[in-house]
Amino acid sequence: MAHDDIALIAEFRESLTEHRYHPAAVQNYCRYAACFLAYLTERKISVDAARPKDVSDYVRCAVRRFRKRHDRSPGPYWTNLPISAINGLMRRVQKPWPPESVASGPGEALCRAICTEYQEWLRMKRGLAVASVSDLMWEARNFLPWYIERATVVSFMELTIQDIDAYFAMRARGLRRRSRKDVAQRLRSLVRYLHCTGRTPTDLAPQIIAPMLYSYESIPSALSSEQITAVLKTTGEDQSPMGLRDNAILQLLTTYGMRDGEITGLRLDDVDWRAEALRIRHSKTGRHSLLPLMEPVGEALLNYLRQGRPKTDVREIFIRTRAPYRPLSRVYNEVRRRLEAAGAKPPGKCGPHTFRHARAVSLLRASVPQKVIGDLLGHRSPESTIPYLKLATEDLRAIALEVPGKEARS
């Protein structure tokens, strides 16, 4: 191995160790990275010029060597480790990795340029949340090349509402009304931007008609008190680092009805142990709430911080259980996994919001004023709390009026 490659592997090993990878993982990652560098040297490819295709070619070569050595094929996930190791190495050498491919033509170059500008506009001009920008950009990256492939010229000056209708008909197949409305709203945003930047002669956004949705037409999905008890019991029995983390997350969901982003954004500084208070940053409204730190939540957080949380300089409370130790980006998968383990199957979606809805129901049944419920859940307007009223169906049945029927004929 060349001197430069040896130095690169040493830097890679030091970086993995700093990020607190397990010693065995460090050894394996460095071994696979060294094999890949040797592969590049054999083919006279510099590490600076390597591309994702070279990684794929190396993996296929490694699989062939495995078959020859062991007289059998490797397991279905065998290639995950070398690919992760090589990608980690290449991220240190090339930024960004994987590198952006060269545009295949003027149409693709135009779409990329618009997407880059549009994304910056959504972030800086409109100030949208990361999740909202991601959804809008997904639609843009699909619609723009779809139109350019069918256009007679590499431009959006001839874009018509008929073109948008054709895309919408293709895109909306199999989607529910709620999802179709989301698609329409994303298209409106993109078309409006194209007009504002002079890429279309007229603003077609007002002509994009979305499906009609009626206020409070559906009932939110919520867990019953028995299901919540079962989930907390099952998760509380898991004393692994992941179990301690998930238990703390579930206690927050159950007690305060927090949103996904409010949990992932919770920082060490947000817990005031002396005052027994918890500060919550509401991800939708941008406001803060200072709530009392309830005993079950405090105990769960302490157990996780003392016994389950990895040692890291990250200030967010909830961290991945495996290196690299980064903050959780969402808790949907963790919550769904714990619901399945407890055998809890709420009607509809099975994410963190089922706990939020259940908390609202429990407060309604305890005769807590609607304004207080809205403040706890971080609602900006009382209108946002109204849909939760539909969840207390048992209370509605208790005050239902009997419908008089016809008297039986004698």
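Some notes on this structure:
- Compared with the dominant principal axis of the Cα atoms in the chain, helix 3-18 is inclined by about 20°.
- Its Cα gyration tensor gives segment 106-207 an equivalent ellipsoid, and the semi-axes of that ellipsoid, as √(5λ) in whole Å with the largest first, are 19, 18, 13.
- Förster radius 41 Å - calculated FRET efficiency between Ala103 and His3, Cβ distance, rounded to 0.05: 0.65
- Ser84 paired with Asp313, simple spin-label distance in nm, labels 7 Å along Cα-to-beta-carbon: 2.4 nm
- Shape category assigned to the chain from the gyration tensor of Cα positions, a/c cut at 1.5: oblate
- Net lengthening on full extension, Gln239/Arg279 (0.36 nm per residue, minus Cα-Cα): 11.7 nm
- A simple packing score, the average count of other Cβ atoms within 10 Å per residue, orders the peptides 338-344, 296-302 as 296-302, 338-344, with the highest score first.
- Residue-span extension gain [Arg177 to Glu42] - 0.36 nm each, minus C-alpha spacing: 43.0 nm
- Global form of segment 3-93, assessed from the alpha-carbon gyration tensor, a/c cut-off 1.5: oblate
- Average Cα contact separation per residue, segment 1-145, under 8 Å, 6 or more apart, as relative contact order %: 19 percent
- Extending 7 Å from the Cα toward the beta-carbon at both Leu291 and Met170 defines two label points whose distance is 4.5 nm.
- Relative contact order of segment 106-207: 28 percent, from C-alpha pairs under 8 Å at least 6 residues apart in sequence.
- Computed from Cα positions, the angle between helix 106-120 and the longest principal axis of the chain comes to roughly 50 degrees.
- Calculated FRET efficiency for the pair Gln162/Arg65, C-beta based, R₀ 56 Å, to 0.05: 0.50
- Shown is the FRET efficiency for Ala210 and Arg337, computed with R0 = 45 Å from the Cβ-Cβ distance and rounded to the nearest 0.05: 0.85.
- Here each label is just a point 7 Å from Cα along the line to Cβ, and for Glu14 and Lys345 those points are 5.5 nm apart.
- Residues Ile114, Ile6 in ascending order of nearby Cβ atoms (within 10 Å, fewest first): Ile6, Ile114.
Where a number appears in this text, it was derived from the coordinates with a stated rule and is not lab data. Owing to the predicted nature of the structure, the values given are computational and were not obtained by experimental measurement. Glycine gets a Cβ as well: all are built from the backbone with ideal geometry, and neighbour counts include every protein chain shown.
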